[in-house]
Amino acid sequence: MISFSTTNISGEVRISSTLDRMCPPLLRGRCAGIGAAAAGLVWVRARWRFGEIVKALERSMERKSSRKTPTVEPDRSKRCHTCGRSIAGFESVHYGSEKTGYRDLCNACFNAEVAEAGGIEFSHMQFEPLEVLDFAGAVHRFYFETRILGDKLSLEAFELVDGNPGGYEFQVLGDVEDDLFVLMGQMVPRIRRLVSQQHLTREPHMPGLHIADCLVRGRITSDLDEDVRMPMLVIDGREISWEEFGRMVMTFEGFQFRMEIKDRSEEV
Ligand SMILES: [Zn+2]
């Protein structure tokens, strides 16, 4: 078992730059054009206001840092056929064949069975969930699962939305006999890089979300609410319908674009 901790460096930088911008005009404006005594009084007042501003920003930061989405426990009504552990769908594999029959195995028992059958040296490891702060200071809790896929080893990281994998999702692939810690060492920076980037933003006096810059990274899933097969995008860890994304793109009417699709194990 291991766990990782993270810090929100970008949040601190943002706060500092806000103060840098606010305070010099505040002090200069209060002190200009008045006598020395009055200037002293205003200096005290400015110091007091400065303190209030810092406290307000700290309170705002605390609220942002502690923002969490309500947790819905996964459905673990199934049990692993081998070890008897209660398992959710994302923690298990429906494994077997028509000839031998199918069994639900937890990922640890599945990996052990596959490794033994293939003569592979493999030691399963269950990583503890990891909490990462995004660009806005919101907490994202990532769960990790490892599976042997033929001669590859897949490490997946995902959030849980209503008890099922959703939101941000990542995959790192390695050779089946690779050290799992090496894959984890690739995974964590990849998670932190993507969640620290904001692609969608809100604009004052304009409804809905908008593309923050000219580059959008995301994941393609399917929209189960639509009768016809339509994509549902996941951008900044949130679901964006194809229709909503189309409305955002209309801001760029007349522009050109390049769309590049990558495997889920690649970094975008
Ligand atoms: Zn098991």
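Overview of results
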| quantity | calculated |
| --- | --- |
| The range 174-202, residues that are buried (at least 17 other Cβ atoms within 10 Å of the Cβ) and of a type in the set (A, V, I, L, M) | 176, 180, 183, 184, 187, 188, 191, 194, 195, 200 |
| Cβ-Cβ under 8 Å pairs, at least 6 apart or on other chains, the range 99-121 side of a type in the set (Ser, Thr, Tyr), far side more than 9 Å from the ligand (Cβ to nearest atom) | 102/94; 102/95; 102/96 |
| Some residue of the range 237-245 being in contact (Cβ under 8 Å) with a residue 12 or more places away in the chain and farther than 27 Å from residue 133 by Cβ | yes |
| Hits in the range 101-113 - residues which are of a type outside the set (A, V, I, L, M) and within 11 Å of the ligand (Cβ to nearest atom) | 103, 104, 106, 107, 109, 110, 111, 113 |
| Complete set of residues in the range 114-128 that are more than 14 Å from the ligand (Cβ to nearest atom) and either farther than 16 Å from residue 154 by Cα or aromatic (Phe, Trp, Tyr) (or both) | 117, 118, 119, 122, 127, 128 |
| Options 220, 235: the member that is closer than 30 Å to residue 110 by Cα and not hydroxyl-bearing (Ser, Thr, Tyr) | 220 |
| Counted residues, the range 124-138 - those being buried (at least 16 other Cβ atoms within 10 Å of the Cβ) and in contact with a strand residue (DSSP E or B) (Cβ under 8 Å, 6 or more places away or on another chain) | 7 |
| Subset of the range 137-182 that is small (Gly, Ala, Ser) and over 24 Å from residue 223 (Cα atoms) - its residue that is nearest to the chain's Cα centre (by Cα) | 138 |
| Residue match in the range 142-150 (condition: among the basic types (Lys, Arg), within 28 Å of residue 234 (Cβ to Cβ), away from the ligand (no atom under 15 Å from the Cβ) and at pLDDT 95 or above) | no |
| The range 139-169, residues that are more than 18 Å from residue 72 (Cα to Cα) and open to solvent by less than 10 Å² (accessible area, probe 1.4 Å) | 146, 148, 153, 154, 155 |
| Selection from the range 69-100 of residues that are away from the ligand (no atom under 16 Å from the Cβ), out of contact with any Gly (no Cβ under 7 Å at 6 or more places or on another chain) and not basic (Lys, Arg) | 69, 70, 71, 97, 98, 100 |
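The values are calculated or read from the model by the stated rules, or taken from the named source; none is laboratory data. Worth saying up front: this structure is predicted, and the values here are computed from it rather than measured. Ideal geometry is used to build each Cβ from the backbone, glycine not excepted, and the neighbour counts take in all protein chains shown. Just so you know, the surface numbers come from the protein's heavy atoms only, side chains and all, with ligands and any DNA or RNA stripped out. Shrake-Rupley method; radii C 1.70, N 1.55, O 1.52, S 1.80 Å.
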